[in-house]
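To start, the structure under review is shown below, and the notes come after it.
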Amino acid sequence: MTARRGAALAGFLVVVAAVVTLLALRPGPTGSAGPGPAAVVSPVVPIVPPVASPSAPAALPPEGVVAAATSATPSAAPPPATPVAPAPFVQTFAAQPGAKPLPPLASPTAPVSVPANVDGCDHGYGTRTQCVPWTFPSAVTHKCAWLAAQGFEALPVRGTDRHRLDPDRNGIACD
């Protein structure tokens, strides 16, 4: 009977040592291994291997003992701390004591002249979203065939016919 109690006690001690080890290796609040601030430090329990006699098989500890040892572990992790936003960094030159802001300038009254080909498109042809080139590539000999190859067919002429793409003057280029 004493060998059986010794084996049960040794099994219980193994379970307690495993629980203590798991608690000690649980990640702390910074993610590193080791006890966190709320961890409880348990006394060190030596691990004694069970001594099995040839006549009596080793017995496991009663189920109530194992359940009591494992239910003592905390089941919920503490809630994560809410991050605090750092204060904005203000550059030292922004303070400039004694500096006064410049007065606002008057709005321009003269119209701004922008050349018609500023974006490289001849807006006398097609719609606002279509771009007929202001200058065709040098290898192009037939402009309407090149425009058709680019997906432009039956372009409306909205301004002057600079490229002479509407010879019959019906308002449709390359028809």
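The values are calculated or read from the model by the stated rules, or taken from the named source; none is laboratory data. This structure is a prediction, so every number in the text was calculated from the model and none was measured. Using ideal geometry, Cβ is built from the backbone for each residue, glycine included, and neighbour counts are taken over all protein chains shown.
Okay, here's what the table says:
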quantity: Checklist (1) under 27 Å from CYS174 (Cβ atoms); (2) outside the structural domain of HIS163 (by TED's automatic domain parsing); (3) of a type in the set (Lys, Arg) applied to ARG128, failing item; calculated: (2)
quantity: Some residue of segment 75-89 being surrounded by 10 or more Cβ atoms within 10 Å (Cβ to Cβ) and within 30 Å of ALA18 (Cβ to Cβ); calculated: yes
quantity: Flag for PHE89 being within 43 Å of the chain's Cα centre (by Cα), outside the structural domain of LEU165 (by TED's automatic domain parsing) and not in a loop (DSSP other than H, G, I, E, B); calculated: no
quantity: Qualifying residue in segment 102-116 (condition: at pLDDT below 75 and farther than 30 Å from ALA8 by Cα); calculated: no
quantity: Evaluation of PHE136 against (1) modelled with pLDDT of 90 or more; (2) surrounded by 12 or more Cβ atoms within 10 Å (Cβ to Cβ); (3) outside any loop (DSSP other than H, G, I, E, B) (one fails), failing number; calculated: (3)
